[in-house]
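> First the structure, which I've put down as structure tokens, then a few questions once you've had a look.
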């Protein structure tokens, strides 16, 4: 392996992260619809609060597309209250379940059998679903090889000097998807490990001495 190439550097990063944190086995959900709901609820929210909202949905028996469609917007807002931004997120969930009914008649298995690029196009047509949310649904819910780009990933890639000239979501995503095998398991684990590093050491105010990538980073060891 030539570690001077982008592919080589990405593989080194992955190996270091895996050695430091071990397998993460994301997404922590029981079924595809829970993944989809979680991808919306986690927008600007701590995961522990998302878990509380999902637990509320389960307790209220509203964690299925049909049950959520039949639920009033007001009731849904109250159920997901712990995750924050509950008014707008309730609307997003309503739009999602309406789309699921129209697009696949609530048969979530059809999503996994849809070509990932087409599924992404369809998801982005749903109000409230942006690129990060769509890719989270595809990767973790439909087992499709789309790399998820979030603020954590951008921060780490910028600091270790692998960022491309463009600052767009697509530019960061292409870094991974053009230089790594289109492997759902790899993308799943890689993204989860980047999140671990960002929360543990590569914070907004970094703890460089505790970072497993410090020898690859211009600020490492400071």
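A short reminder: the numbers here are calculations on the coordinates, not readings from a lab. All figures in this text were calculated on a predicted structure; none of them were measured in a lab. Counting neighbours? That spans all protein chains shown, and the Cβs are built from the backbone with ideal geometry, glycine included.
> Once each part is reduced to its C-alpha centroid, what is the distance from region 145-162 to region 45-78 in angstrom?
Each part's Cα centre sits 30 Å from the other's.
> Rounded if a/c is under 1.5, else prolate if a/b is larger than b/c, else oblate: which is region 32-141, with a ≥ b ≥ c the root eigenvalues of its Cα gyration tensor?
Cα axes put region 32-141 in the prolate bin.
> Here is a follow-up. So what are the radius of gyration and Dmax for the Cα set of region 136-188, in Å?
Values for region 136-188 (Cα only, Rg and Dmax): 11.0, 31 Å.
> Which shape class, rounded, prolate or oblate, goes with region 84-159 when its Cα gyration tensor gives a ≥ b ≥ c as root eigenvalues, a/c under 1.5 marks rounded, and past that a/b bigger than b/c marks prolate?
oblate
> Which FRET efficiency value, to the nearest 0.05, do you get for residue 106 and residue 210 by plugging their Cβ-Cβ distance into 1/(1 + (r/R0)^6) with R0 = 41 Å?
0.35
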